[in-house]
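Just below is one structure, and these are the notes that go with it.
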Amino acid sequence: MLEKRFVSSNKREEVFSKTIEIIEIDRKHYNYSVDKRQTYAQAIQPHFTMWVNAMHILGIGGEITEENSRDEMFGLKDEGTHSILCLEYFSQLGDFKLHHYTEGYKISKQVYKYLKKPMVILSFLIANELNYGVIEDLENALSVFGVKDNTYVDIHKEADSITSEDGHAIKLLNVLEMENASVEDINMGIQLYRDLQ
């Protein structure tokens, strides 16, 4: 992974604005094909819950990551585990095939290798939480393929709100600053997000 310098500080406002800027540039090139989305369903969201829980287990972010872990595991409104919601959502595209699992594993493995550098993973998680526009693109793209149940998307529009202090992205940005994450780790996490899209 070649590291670029996206941010020059760990301040919430800069990380927020620069990450949004990068997502807006990149999202024009995202691939919303059925095959790509079914691989994504195996690669990111099922592990996302694990990565957030890892932050909590490591004692990073205190009550903020504890609450985020609870939301990911049990839901915001008793909708259940977000990993399962994700799989149910993308299963509307058809049966998952073996290559979705194997490719998904290869992608998620790229994140797991940073478990000893949790601020890289935290920065990666923040980028995923800040991709609000991508959630809307996803909903539009998948509706073309006949996806009708948008519970997963609706929940994430609320959970990942970028305009509310209750949004996961905003809360995790607070953790990044509170934990005094290094600029190098933040930039690595943003690059990791870009590499895995």
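The values are calculated or read from the model by the stated rules, or taken from the named source; none is laboratory data. Everything numeric here is computed off the predicted structure, so don't read it as measured data. Positions of Cβ are generated from backbone atoms using ideal geometry, with glycine treated the same way; all protein chains shown enter the neighbour counts. Calculation scope for accessible area: heavy atoms of the full protein, side chains included, ligands and nucleic acids excluded. Shrake-Rupley method; radii C 1.70, N 1.55, O 1.52, S 1.80 Å.
Taking the range 58-114, which residues are among the aliphatic types (A, V, I, L, M) and open to solvent by 80 Å² or more (accessible area, probe 1.4 Å)?
So the first thing to find is which residues in the range 58-114 are among the aliphatic types (A, V, I, L, M), and the list is 58, 60, 64, 73, 76, 84-85, 87, 93, 98, 107, 111.
Matches in the range 58-114: L58, I84, L98.
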ask   = Checking I135 against (1) under 19 Å from N31 (Cβ atoms); (2) open to solvent by less than 30 Å² (accessible area, probe 1.4 Å); (3) touching a residue at least 40 places away in the same chain (Cβ under 8 Å), which test does it fail?
value = (3)
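Listed here are the residues, each with its yes/no results for (1) touching a Lys or Arg at 6+ places or on another chain (Cβ under 7 Å); (2) hydroxyl-bearing (S, T, Y); (3) at pLDDT below 95.
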residue	(1), (2), (3)
L122	no, no, no
N131	no, no, yes
D154	no, no, yes
K157	no, no, yes
D166	no, no, yes
A169	no, no, yes
M178	no, no, yes
S182	no, yes, no
L196	no, no, yes
message = Can you pull out every residue in the range 60-80 that is in contact with a helix residue (DSSP H, G or I) (Cβ under 9 Å, 6 or more places away or on another chain) and at positive phi?
response = G61, G62, G75, G80
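With the condition being within 23 Å of I57 (Cβ to Cβ), I'd like the helices (runs of 4 or more DSSP H) fully within the range 110-197 carrying at least 1 qualifying residues. So that I can check it myself, show each step before the final result.
Numbers: elements: 118-129, 132-143, 151-159, 168-178, 183-195.
So the answer is 118-129, 151-159, 168-178, 183-195.
Provide a single number: the residues in the range 16-47 that are surrounded by 21 or more Cβ atoms within 10 Å (Cβ to Cβ) and in a helix (DSSP H, G or I).
Applying the first criterion (surrounded by 21 or more Cβ atoms within 10 Å (Cβ to Cβ)) to the range 16-47 yields 19, 23, 38-45.
From the residues that got through so far, the ones that are in a helix (DSSP H, G or I) too are 19, 23, 38-43, 45.
Selection size over the range 16-47: 9.
Matching residues to (1) closer than 25 Å to S164 by Cα; (2) in contact (Cβ under 8 Å) with a residue 60 or more places away in the chain:
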position: E14; (1), (2): yes, no
position: I44; (1), (2): yes, yes
position: M50; (1), (2): yes, no
position: L98; (1), (2): no, no
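Considering only the range 115-132, how many residues are open to solvent by 70 Å² or more (accessible area, probe 1.4 Å) and in contact (Cβ under 8 Å) with a residue 60 or more places away in the chain? Step through it out loud before you land on a result.
Going residue by residue through the range 115-132, those that are open to solvent by 70 Å² or more (accessible area, probe 1.4 Å) are 115-117.
Adding the requirement that they be in contact (Cβ under 8 Å) with a residue 60 or more places away in the chain leaves 115, 117.
The qualifying residues number 2.
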message = Looking at F96, F90, can you tell me which residue is part of a helix (DSSP H, G or I) and aromatic (F, W, Y)?
response = F90
